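One structure below.
We did not get these values from a lab; they are worked out from the coordinates using the rules stated. Since the structure is predicted, the reported quantities are computational estimates derived from the model, not experimental observations. Here the Cβ is made from the backbone with ideal geometry for all residues, glycine too, and neighbour counts use every protein chain on show.
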2 protein chains.
Amino acid sequence: MELRLTSDEVIKLHKGENIYSALKKAGIFIVAPCGGKGLCSKCKIKILKGEYKVRSYGKLNIHERESNLSLACQTYPQGDIVIEIPKESQLVIGDKIAIAKTKDLIELFKSFKVSITPLTKRVLLDLPKPSITDNLSDLERLKRAIKDLGIKNITFSYDFGISMSKTLRESEWIVLLTYVDRGNSSAEALFLSHPESCNRRFGIAVDIGTTTVVVYLVNLINGEIIDLGSTYNSQIRFGDDVITRIIHASEGGLEELQEAVISDINNIVNSMLQRHNIEACEIDSASIAGNTTMSHLFWGIDPSPIREDPYIPPLNYFPLWRAGTVKLSINPQAPVYTHPCIASYVGGDIVAGLLATKLHKNHEISLFMDIGTNGEIAIGNNEWIVTAACSAGPCFEGSGIKCGMRATPGAIESVKIDPITFEPFINVIGNITPQGICGSGMIDIMSEMFLTGLIDQKGKLISGKTNRVRKGEEGLEYLLYRSEDHHKDVVLTEVDIENLMRAKAAIYAGLTTLLNEIGLSIDVIKRVYIAGGFGAYINIPKAIMLGMLPDLPLDRFVYMGNTSLTGAYLCLLSEELRKEEEEIASKMTYIELSVSRKFMDEYVSAMFLPHTDISRFPTVASLLSEIMTPKKFWLFTNPEQDTS
Amino acid sequence: MELRLTSDEVIKLHKGENIYSALKKAGIFIVAPCGGKGLCSKCKIKILKGEYKVRSYGKLNIHERESNLSLACQTYPQGDIVIEIPKESQLVIGDKIAIAKTKDLIELFKSFKVSITPLTKRVLLDLPKPSITDNLSDLERLKRAIKDLGIKNITFSYDFGISMSKTLRESEWIVLLTYVDRGNSSAEALFLSHPESCNRRFGIAVDIGTTTVVVYLVNLINGEIIDLGSTYNSQIRFGDDVITRIIHASEGGLEELQEAVISDINNIVNSMLQRHNIEACEIDSASIAGNTTMSHLFWGIDPSPIREDPYIPPLNYFPLWRAGTVKLSINPQAPVYTHPCIASYVGGDIVAGLLATKLHKNHEISLFMDIGTNGEIAIGNNEWIVTAACSAGPCFEGSGIKCGMRATPGAIESVKIDPITFEPFINVIGNITPQGICGSGMIDIMSEMFLTGLIDQKGKLISGKTNRVRKGEEGLEYLLYRSEDHHKDVVLTEVDIENLMRAKAAIYAGLTTLLNEIGLSIDVIKRVYIAGGFGAYINIPKAIMLGMLPDLPLDRFVYMGNTSLTGAYLCLLSEELRKEEEEIASKMTYIELSVSRKFMDEYVSAMFLPHTDISRFPTVASLLSEIMTPKKFWLFTNPEQDTS
C-alpha cells in the first residue's frame, strides 16, 4: 500500500499500520506531543482520497471530522491513500531560536581561544609490511608504530581486535588510526580506516530535552555546523515530565524509554547522513547534554534512585562509553561525551549551559535560569557557583495548559489587551490562524490581564467586565481568539492561570532561597542569563511584572537560547572546554530545595502577583501606582471579597 | 518423545532430531570425531526398543546392522526409544594422562614458590550511605572508596554502569568489588556483588586442542582442581586439521567455528556448575591455551592471514578481553587470559607448555616436543629458546589411520610381535575388545614390524612371511586383531605406515633443522620433555628405533602429559607466572621451516627407518646389528629389489 502526500512524496504503508507510524518511519515528523498514543489529539491530517478506518477521533470536533480531518495515529488506511498535513500539524525542524543562534556559535567558540581538539585523535600509520624476518603479528606491528608516536600504553577493544587485520591488509598497511588520548602517554584505540574512505571527521552535539531533542551535525575539522534537526522527545508518550518517566522506567519501561530517545536521535542523524552524503562511520564522536534523568535514560541506566530519598543519582560523571553500546547510528566505536550532572534535578544541560554563558569566567556574580520543562537556577562567578532545581513544571512548554503549545507556527506568542475594551491584539508565529498559546504568550497574557484588571493579585479571573471572560468547561476563562465555528477557540482558563502562578512562584522562590543560602541580596546579581527553548521569547518586563523574574535593571538580562545545545557543541570541539566544564561541575554546590522550609515559605509568598512583599518589586510597584490611580480598588483587592 | 538409556537416564527428544544431537544437548558425549556429520561411522549405538528411521548406516557392516547397531547422528526416532551406548562409543571424560597428573599440579604450582594472584582482585567495600549532605552519586561514591584503597585511576565499563546501582542498593552499600589490577595504581572495575552471594571464587583453565578441548574447574582460593572435563573439539566437523578450519573460516564459516568451540567449553562448564552447585557468576576468570589458530577461532578473529605468505597471525598477544564478548557461560565480566602465541604454527599451548616444564629456568639445554595434531618443537634454556612447527599431521591422534583412534578404552596401546610366528600380543586400554589403534600403539606396532622384518626400512610391508600380512581394500595390511565375524578386524595398512613415516620424518627433520640453525649438535640436549595428549603412552626406545625421537640416553626423556593445560592452570593462579610466561614468549625465536631448504633435505633423509644416516642412531644400529645377524639380508634391504 502507498501513502501519498500533497508534496508528492510517496511512502510505503504496511497493513495494519497507522499513518503516524508510517510517517515517522519515513522521517516525516508531525506534531504529536503524546508520541502517537491517541492522547493529545494534535497529529491532525486531512484525508484527500482513499479508504481508511479510524480508531478514535479524540478531541476533534464535528466540523473537523466533516472536513475529513483525522488523527494520524488513529487512522488505519485500508489501501492506497492521499493525505495533506495541515500547517498546524507540521513540525518545524529546529526551534527558531536554535537556528538564529547557529551562526554565532563558531564566533562563540573562537572567543574561548582554544584549539579544536575533538574527543578522538586520528593519525596516519604507514606500517612496514610483514615478512619472515619482520614477523610481528598485526597487533604487535601496530603497537610498535604507536609507540613511535609517544604512546606507551594503548588498549584495544574486542571490536578493534576482530576487525583490525582485514583493514590493515585491505589498505596495504597504510591506515588511519582513530583513538582516544587518555593522557599520561596512554590511549584507547578505537578503529582503523582506509586513508581514502571514512576519512572525513564529523561529530554530533545533542541536547536531549524532556520535551525536545535537538541535534547539530558538526564538521570536526573547522567547527562548522553542517545541519541541525529537532524532534519531540518521543518518550513523551510515557509521560510529560521526568517523574512520570522515572516511574515508567522503574516499572519495566526502561528499555522502551531508552529506545525512544535513541531512535529520535537516530532518525535525525540518519536523515542528515542522507542529505549530506556522509557515512555513519565518519561521525566519530558525540556530545550529549541532558538533564540527569535524560542522561540516565539515554544510557539505559535505571534512574529510579533519582526520585527516592535522598535523591542521589546513580551517576553524575559518565565514563566515555561507546556509541555502539546504545546503538547510536554513528560509528559504533565513537566515544560519547555525556555532560556531567550535579544532582538529581540539575543535570548536564545546566552545566553545559553555564559553560556557554561563561558565567564561570567572570568575577561579577551572575544568575543563570533555564526555564524549560523544569526550572533550574545557578548563581555564581569565577570562584563559586550554587545551584538548585525548582520544580516549575512543563507548563511554559504548553503542557498542562488547555491551549498550550510549543513555540511553533500557530502559537500566540505575544498579546496586548486594550484596557478599555478588554479586546486582545495577538501576534501568531508564522502569521497563520492561531492554534494555541506558547510560553511567552502565556506570560504576555497574564501580565496584560493583571495590568488591565482582568485578574486579581491571586490570579483569579474577574467576570463582568467583558464577555470575553466567560464560563468554560473548566470554570472561568478568557477568550483570546474566537474561531469561525467556535470549535477552535483559543482561551486561557483560571486553571491554566493557577498552574502558571505555581510555576512562576517556584522559580522566584528558588532564586530567593538560593540567595538566602549564600547570604547575598538580589542586587549583587550583575547579569541574568535566560536559557531554555522558550527563554528568547520572554518579554522580560512582563515576566518581572508577574514576579517570575527578579526586579533588576533590564540591561542586566541576556537571552541565551538553547545553552545546553551550545555547551554540547563547544565540548564536542575542545578538550580544554571539556576540562573547563568539569571544573564548573566540581565547583557547583547543590542546594536541595525540596527539604528546605525556607523554600516553602518563599513559595507561598510568591503565589501572588507580583509578590506578597511588593517592596521586592519596586519598578512594578511604581508602574502599578502610576496606572491604577483611578482604579486602585479593583487592582489590589478582589472585588468579590470587597462587596461589603 | 523420550530417549531412554540403559543407565535409566531419560532425555527429551524433539521431533526430527537425531540421537547424537539429543545426547549432546543433554551433556552426554559419545565418540564422534566428525562431529555428528555422518562421516566417521564411530557414533555407534544399539537400539533396544522403539521406531526409528536411519538416514545412512555409513561403514557399519551387515552383522552390526542386524544386531540393531546404528549411527547416532544418522538415526531419527519416530517415538519413544530405548538405546544402549556400547562401550566403544562411550567418550571417556578426561584423558588418562590428564587425570593422572591432576594430583601433581598443586605440587608443581607450589614448586614455583609464588603466591596465588588470580586475574581478578576482590575487595569488600563498606560505603557510607548517601544523604543530602553526603550527596555524591553512586559511581563517585564508589570511586572515593576505591581511591582510599590506593587505586588512582579506575575505569568502569558500560555493563558495570548499568548494573551498579541496583547491587549497591540491594546490598545496602556493603559490596564486593571485583576488578583487574592494571598496575601503576590503575584498575578496571569488573562487577559488584552481594557479600553473601556470588562470593566464592572459581576459574577455568582450558586447553583448546585441534582435536580435544579439556577444562579444569579451579578453586581460586587454594588452587584446588575441583573437576575436569573434556570433549572432542566439535570444530572437527569442519575439518580435522587447522588448515581446513582456516579455509572454512575464510569461506564464511568463522562464526560457526567460534560457536563450535565455545559451545564445547560451555557444555563442559555447565555440567560442572550443576555438579558442584556453583553459579556462573562465581567463575570470574579464565585461562585459555591453544595453538594460534585455535586462539583466533576462540575469539572469532579471522585466522586467514595464518596461511597466507608470509604467515603472520593477526594477534600473538591477546588483550584481556571479557568472557561475555564470546558468550562463555561464566561471569560475563570475567577477564580471559589468552596464552601468548609465537607464530602462525607455534601457539599459546607451546608457550604454556614451556612454562610447565620450567625449561626456561634451567641453564642446561632442553628439548620440548609436543606431538599432537601438529608437531611443535622448542630448544633452549634460561637464556634463549628457538622454536619451530613441523607439520606432522594428526595421525598419532588417530586421524588418517584406517583403524586409528584416540587413547580411549578399546585402543590397542602396546604390541609385541613374536619374531618367529609373527603373531601379535596386544594390550588394550580398558581390557576390552580392541576397537582400533592409538598413537602409542602405532609406534609399537611399527617398531615391532621393523624389528621382526615385517616392514623394510622404507616402511613397505613384506608379504609371504605370515598370513597376517594380507591384501586389504587399500593394499597390503597387517592384521592385528581378528574379530569373530571379520567385520571388526583391526589392521595397520601400508598407507597408514606411509602416513606415520611422514609424520615421524617431519618431527625429526624439524628437530635437526632447528639444531642446525643454532649450530649445536644433538648431544647438547640434556633433557627431552615429551608433551601432548599421547606423549605419555609413547614407548621411547621404540620411538627412537623408528627415528622419530633422537637417539639420546633414555634417562633424559621426561613425560609431561598435557603441558598446555598445566600451563593454563598455572597462569590462572598467578600473576607472576603470567609475567614469566610472557617473558618466555618474548625470548622465543621462531624458525619458519616451510621455507627452509635444509628442512626439506632433512625430511627426505628421515623418510627411512630409522634414518638414511644410521650413524645418527648408534643405539638403534647396535641393536639391529645384534638381532639381525642371521637376518641381515631382509632387514636392511627390500627383498623385492634383491631377488636378483
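Key figures for this structure:
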{"quantity": "Cα centroid of the range A:345-377 to Cα centroid of the range B:146-164, whole Å", "calculated": "29"}
{"quantity": "Over the range B:2-89 - Rg/Rh using Cα atoms and the Kirkwood inverse-distance radius", "calculated": "0.91"}
{"quantity": "Per-pair calculated FRET efficiency, R0 = 22 Å: residue A:250 and residue B:136 via Cβ, rounded to 0.05", "calculated": "0.50"}
{"quantity": "Rounded to 10°, Cα long-axis angle of helix B:563-573 versus longest principal axis of chain B", "calculated": "10"}
{"quantity": "Farthest toward positive dipole pole in the range A:2-89 [+1 Lys/Arg, -1 Asp/Glu at C-beta], among A:30, A:83, A:11", "calculated": "A:30"}
{"quantity": "Coarse-grained scattering of the range B:121-193 at q = 0.14, 0.20, 0.26 Å⁻¹, given as base-10 log I(q)/I(0) from a Debye sum over alpha-carbon atoms", "calculated": "-0.39, -0.80, -1.35"}
{"quantity": "Estimated FRET transfer efficiency when R0 is 22 angstrom, pair residue A:579-residue A:327 (beta carbons, to 0.05)", "calculated": "0.15"}
{"quantity": "Partners for residue B:143 among lysines (Cα-Cα distance below 22 Å; same-chain residues under 8 apart left out)", "calculated": "A:579, A:587, B:121, B:129, B:152, B:166"}
{"quantity": "Global form of the range A:533-621, assessed from the alpha-carbon gyration tensor, a/c cut-off 1.5", "calculated": "oblate"}
{"quantity": "Helix-only CD estimate at 222 nm, as mean residue ellipticity for chain A, using -39500 (n - 2.57) per DSSP H run (n ≥ 4)", "calculated": "-9000 deg cm²/dmol"}
{"quantity": "Normalised per residue, the volume of the convex hull around the Cα set of the range B:200-278 (Å³)", "calculated": "83"}
{"quantity": "Cα-centre dipole for chain B with unit charges at Cβ (Lys and Arg positive, Asp and Glu negative), debye to 20", "calculated": "560"}
{"quantity": "Nitroxide proxy distance, nm - points 7 Å out along Cα→Cβ at residue B:166 and residue B:431", "calculated": "5.6"}
{"quantity": "Cα-based Rg / Dmax (Å) for the protein assembly as shown", "calculated": "40.2, 150"}
{"quantity": "Ratio of Rg to Rh over the range B:140-286 (Cα coordinates, Kirkwood Rh, two decimals)", "calculated": "1.08"}
{"quantity": "Point-to-point label distance, residue B:21-residue B:243, nm (Cα→Cβ direction, 7 Å offset)", "calculated": "3.2"}
{"quantity": "Separation between Cα centres of the range B:280-344 and the range A:194-256, rounded to whole Å", "calculated": "36"}
{"quantity": "Ratio of the Cα radius of gyration of chain A to 2.2 N^0.38 Å, where N counts its residues", "calculated": "1.05"}
{"quantity": "Chain B: antiparallel DSSP beta bridges as a percent of all, rounded to 5", "calculated": "65"}
{"quantity": "Stokes-Einstein D for the range B:398-493, Kirkwood Rh over Cα pairs, 20 °C, 1.002 mPa s (µm²/s)", "calculated": "162"}
{"quantity": "The range B:559-599 versus the range B:42-76: alpha-carbon centroid distance in Å", "calculated": "44"}
{"quantity": "Neighbourhood charge, 11 Å Cβ-Cβ cut-off, centred on residue B:371 and excluding it, Lys, Arg +1 and Asp, Glu -1", "calculated": "-2"}
{"quantity": "Nearest 10 degrees, 0 to 90: helix B:96-111 Cα axis against chain B principal axis", "calculated": "50"}
{"quantity": "Nearest-ten-degree value, helix A:597-606 long axis tilted from longest Cα axis of chain A", "calculated": "50"}
{"quantity": "10 Å Cβ neighbours from other chains, averaged over peptide B:290-303", "calculated": "2"}
{"quantity": "Radius 10 Å from Cβ of residue A:469, net charge of other residues (Lys, Arg +1; Asp, Glu -1)", "calculated": "+2"}
{"quantity": "Aspartates and glutamates with Cα under 17 Å of residue A:327, excluding same-chain neighbours fewer than 8 positions away", "calculated": "A:159, A:255, A:256, A:259, A:264, A:279, A:282, A:284, B:159"}
{"quantity": "Bins of 5 Å, starting at 0 and running to the largest distance - Cα pair percent for the range B:498-558", "calculated": "4, 16, 27, 30, 16, 6, 1"}
{"quantity": "About the Cα centre, charge dipole magnitude for the range A:121-193 (Lys/Arg +1, Asp/Glu -1 at Cβ), debye", "calculated": "140"}
{"quantity": "Inter-copy spacing of residue B:594 label points, which lie 7 Å from Cα along Cα→Cβ, given in nm from shortest upward", "calculated": "6.7"}
{"quantity": "Cα Rg over Rh - the range B:280-427, Kirkwood", "calculated": "1.08"}
{"quantity": "Counted charge near residue A:151, where neighbours are those whose Cβ lies closer than 12 Å (Asp, Glu -1; Lys, Arg +1)", "calculated": "+3"}
{"quantity": "Calculated FRET value between residue B:586 and residue B:612, using beta carbons and R₀ = 41 Å, to 0.05", "calculated": "0.60"}
